[in-house]
1. Keeping to the range 26-46, report how many residues are touching a strand residue (DSSP E or B) at 6+ places or on another chain (Cβ under 9 Å) and in a loop (DSSP other than H, G, I, E, B).
2. Are any of the residues in the range 38-45 over 18 Å from the mean Cα position of the chain (by Cα) and modelled with pLDDT of 95 or more?
3. Residue by residue through the range 46-74, note down the ones that are in contact (Cβ under 8 Å) with a residue 40 or more places away in the chain and more than 12 Å from the chain's Cα centre (by Cα).
4. Glu42 - would you say it is of a type in the set (D, E, K, R) and in contact with an Asp or Glu (Cβ under 7 Å, 6 or more places away or on another chain)?
5. Would you point out which residue out of Asn58, Asn34 is at positive phi and either surrounded by 10 or more Cβ atoms within 10 Å (Cβ to Cβ) or among the aromatic types (Phe, Trp, Tyr) (or both)?
6. Within the range 16-25, identify whether any single residue is in contact with a Phe, Trp or Tyr (Cβ under 8 Å, 6 or more places away or on another chain) and either β-branched (Val, Ile, Thr) or part of a loop (DSSP other than H, G, I, E, B) (or both), and answer yes or no.
Amino acid sequence: MLNLRMDNFMVELKDGSLKNVGPTNKKGTAKLFNVESAEAREFGDKRVKLVFEDEDGNEVQVALFPDHVRKIAGEIENLEEDSPVFE
């Protein structure tokens, strides 16, 4: 299940094209639940792309620099040691 939340978001649809309307203070949040597949791969010369897909074919891609990937990997290792999630 893909959940999208868009704040202060307004666009205009004209002749089949989307056009930004209003100020540029828009922000959004995307959440993907019930992930069926996840993978990591190179993205360009300096980043790692994480790709997550659910059973309905919804997909979220995140490109991270290696420092962020290492931090997340360390957090996962800590969870494996301390959290009942991995039991």
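1. The initial filter retains those residues of the range 26-46 that are touching a strand residue (DSSP E or B) at 6+ places or on another chain (Cβ under 9 Å), namely 26-44.
Retained after the next criterion (residues that are in a loop (DSSP other than H, G, I, E, B)): 26, 33-34, 44.
Within the range 26-46, residues that are touching a strand residue (DSSP E or B) at 6+ places or on another chain (Cβ under 9 Å) and in a loop (DSSP other than H, G, I, E, B) number 4.
2. In the first step, residues of the range 38-45 are kept if they are over 18 Å from the mean Cα position of the chain (by Cα); the result is 45.
Narrowing further to those that are modelled with pLDDT of 95 or more: none.
No, there is no match, as no residue in the range 38-45 is over 18 Å from the mean Cα position of the chain (by Cα) and modelled with pLDDT of 95 or more.
3. Asp54, Asp56
4. Values: of a type in the set (D, E, K, R): yes; in contact with an Asp or Glu (Cβ under 7 Å, 6 or more places away or on another chain): no.
Criteria not met by Glu42.
5. Numbers: Asn58 fails: at positive phi.
Going through Asn58, Asn34 in turn, the sole match is Asn34.
6. Filtering the range 16-25 down to residues in contact with a Phe, Trp or Tyr (Cβ under 8 Å, 6 or more places away or on another chain) leaves none.
Looking for residues that are in contact with a Phe, Trp or Tyr (Cβ under 8 Å, 6 or more places away or on another chain) and either β-branched (Val, Ile, Thr) or part of a loop (DSSP other than H, G, I, E, B) (or both), one finds none in the range 16-25, hence no.
The values are calculated or read from the model by the stated rules, or taken from the named source; none is laboratory data. This structure is a prediction, so every number in the text was calculated from the model and none was measured. Note that we place each Cβ from the backbone using ideal geometry, even for glycine, and neighbour counts take in every protein chain shown.
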